[in-house]
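Working notes, beginning with the structure itself.
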Amino acid sequence: MDNLDNRSDPIRKKYFSRLENVNKISEILFYMSAIMSFIFIFLDRYSWPITYSVLQISFVIMIMAFTLIGIFIRLYFTPLANDKRLKDFLSHAYGESLTHEKTSGYYNNDMSSGNKKMAAQLLENSFFSKEIISKMLVYIRIKTCIYAILWLICILYRKTDLDFIIIASQVLFGEQIILKWINAEWIRIRFNFTYDKLYSLFRTNENFFNVSVLESLITYETSKSAASITLSSKVFEKLNSSLSEEWSNIKSSLNIK
């Protein structure tokens, strides 16, 4: 197994950690605005005019901040982090320095530079990614089920206020719950597909291998961009040791040195 103490990943530390923090801020704003929406249902604007006005202004500011952060995540933070990761990936694969911010201790194989080495690296990436997203999905599925059950209770209970149902529906079907779960399930399938395809490629002829490696890289990278799911660094750290050991076994089975 590779020595985990010698590993360093400045890209995760600088770019993906920042992306995770911004995502957390976005999630907090989403739930705060949802809670504030429920407060408006029960707060009498005529009995509490000042409080109502302050909350209304705060709500508008919160929605604007949530929207702007969402735009920055999709158009700046996510593309920047993925671009840096791809440059590092290609630098290791072809032995060329496309960036000064390079990982150390990862992609530990002795394959010659080129498509073969890139395939081994991509196999490693897809292996770790599919395991991490599978672990994340346990929490995402539980959270989605809880919200869905609460929403159904609201729908089935005849005395539930219509405004309450509308807001609950907006929360459930917002980006942080239902759509996040669907995206996570979708990207898990794509990661598994990439891994399975690359695993089988190591047993095929050279020409088909070279073309399929590039196809698999495109599938992997476009899947990350489309899903907009950031893999959890906490889950990565938790699984890193066991996955690294399993990855060493996979390398041996495919004669990746």
In Å, what is the Rg of the alpha-carbon atoms in the range 198-257, and how long is Dmax?
14.6, 39
Proximal aspartates and glutamates to LYS257, defined as alpha-carbon separation beneath 17 angstrom and excluding residues fewer than eight positions away on the same chain
ASP2, ASP110, GLU124, GLU245, GLU246
With the charge dipole of the range 97-146 built from beta-carbon charges (+1 for Lys and Arg, -1 for Asp and Glu) about the Cα centre, the Cα from THR103, PHE127, ILE146 projecting farthest to the positive end belongs to ILE146
Would you mind computing, in nm to one decimal, how far apart the modelled labels at SER58 and PHE173 are, each placed 7 Å from Cα along Cα→Cβ?
2.9 nm
Mind sorting HIS100, HIS92 by how few other Cβ atoms lie within 10 Å of their own Cβ, fewest first?
HIS100, HIS92
Taking the alpha carbon gyration tensor of the chain, what are the square roots of 5 times its eigenvalues, largest first, to the nearest whole Å?
44, 20, 15
Gain upon complete extension [ILE25, ILE153; 0.36 nm per residue less C-alpha separation]
43.2 nm
Summing -39500 (n - 2.57) over every DSSP H run of at least 4 in the chain, dividing by its residue total and rounding to the nearest 500, the 222 nm mean residue ellipticity is -25500 deg cm²/dmol
P(r) of the range 1-106 over all Cα-Cα pairs, 10 Å bins starting at 0, rounded to whole percent, reads 13, 29, 21, 16, 11, 8, 2
Can you give the alpha-carbon Rg of the range 95-185 over 2.2 N^0.38 Å, where N counts its residues?
1.80
Of the DSSP H helices in the chain, those whose Cα atoms cover at least 30 Å axially and whose Kyte score averages -0.5 or more:
17-42, 49-72, 115-156, 178-201, 206-227
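So what is the relative contact order for the range 114-257, in percent, with contacts set as C-alpha pairs under 8 Å and at least six apart?
38 percent
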Relative intensity, log₁₀ I(q)/I(0), of the range 114-257 from a Debye sum that treats every alpha carbon as a point, q = 0.12, 0.19 Å⁻¹
-0.60, -1.08
Can you give the relative contact order of the chain as a percent, counting alpha carbon pairs under 8 Å and 6+ residues apart?
26 percent
How large is the charge dipole for the chain, taken about the Cα centre, if only the Cβ atoms of Lys, Arg (+1) and Asp, Glu (-1) carry charge, to the nearest 20 debye?
140 debye
Answer in debye to the nearest 20: the dipole magnitude of the range 114-257 about its Cα centre, from +1 Lys/Arg and -1 Asp/Glu charges placed on Cβ, is 180 debye
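Taken together, the values in this text are just the output of simple stated rules run on the coordinates, not laboratory data. It should be emphasised that the depicted structure is a prediction, and the values quoted were computed from it without experimental measurement. Positions of Cβ are generated from backbone atoms using ideal geometry, with glycine treated the same way; all protein chains shown enter the neighbour counts.
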